[in-house]
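Engineer: The structure is given below, and queries will be raised subsequently.
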Amino acid sequence: MAEITLTASNFDQEVINSDVPVLVDFWAPWCGPCRMMGPIIEELANNSDGTYKVGKVNVDEESELASKYNVMSIPMIAVFKDGQISKKSVGAKPADEIKALLS
């Protein structure tokens, strides 16, 4: 499954109302650590077997979402379950730490 580009208009449908956990990457194109995390996030999305979804929020384009979820530093990875953040991680992390957020 491919990464979902999340916006204010589709966030509730794709994340809040999802029946599976959703890993959300809050990022920006100018952010070096965000770009380092890109392949990890993409791999997670491509390896999803339907038990979770992966989405990306460009904080420059979706500042209201970034503000709503108190994104102060990027990259910030948040896992949403039942419409709420269940786990989050700030900063570049190795792939195994990001995968562990989904467990």
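Read-outs throughout are calculated quantities, based only on the coordinates presented, and are distinct from any laboratory measurement. Treat the numbers as computed from the prediction; the structure is a model and nothing was measured. Heads up, the Cβs are rebuilt from the backbone with ideal geometry, glycines too, and the neighbour counts pull from every protein chain shown.
Engineer: Arranged from highest to lowest average of other beta-carbon atoms within 10 Å per residue, in what order do the peptides 14-25, 61-72 appear?
Structural biologist: 14-25, 61-72
Engineer: How large is ³J(HN,Hα), in whole Hz, for each residue of segment 45-59 in order, when computed from phi with the Karplus curve 6.51 cos²θ - 1.76 cosθ + 1.60 and θ = phi - 60°, using x for Gly and Pro?
Structural biologist: Once θ is set to phi - 60°, the couplings for segment 45-59 become 5, 5, 9, 5, 9, x, 7, 7, 10, 10, x, 10, 10, 7, 5 Hz.
Engineer: Now for a different question. Reachable lysines from LYS93, Cα under 18 Å, same-chain residues fewer than 8 places away excluded?
Structural biologist: LYS56
Engineer: With the crude spin-label approximation of a point 7 Å out along Cα→Cβ, what separation in nm comes out for SER73 versus MET36?
Structural biologist: 1.2 nm
Engineer: Testing the spin-label approximation: label points 7 Å from Cα along Cα→Cβ at ALA8 and LYS81. State their distance in nm.
Structural biologist: 3.0 nm
Engineer: Counting DSSP beta bridges with both partners in segment 4-100, what percentage is antiparallel, nearest 5?
Structural biologist: 60 percent
Engineer: Let me make sure I get this right: for the chain, a, b and c are the square roots of the gyration tensor eigenvalues over alpha carbons, sorted descending. Under 1.5 in a/c it's rounded, otherwise prolate if a/b > b/c, else oblate. Which is it?
Structural biologist: Rounded, since a/c falls under 1.5.
Engineer: Moving to a separate point now. Any idea what the alpha-carbon Rg over 2.2 N^0.38 Å comes to for segment 18-58?
Structural biologist: 1.20
Engineer: Rank-order 76-84, 27-35 by packing density, defined as the average count of other C-beta atoms within 10 Å over each peptide's residues, highest first.
Structural biologist: Descending packing order for the listed peptides: 76-84, 27-35.
Engineer: Rounded to the nearest Å, what's the spacing between the alpha carbon centres of segment 14-48 and segment 49-103? Just the number, please.
Structural biologist: Their Cα centres are 7 Å away from one another.
Engineer: Additional query: What is segment 58-103 by shape, rounded, prolate or oblate, if you read a ≥ b ≥ c off the alpha carbon gyration tensor as root eigenvalues and call it rounded for a/c under 1.5, prolate for a/b larger than b/c, and oblate otherwise?
Structural biologist: Verdict is oblate for segment 58-103.
Engineer: How far is it, in nm, from the label point at LYS88 to the one at SER103 when both lie 7 Å from their Cα along the line to the Cβ?
Structural biologist: Taking the two extended label points, one gets 2.3 nm.
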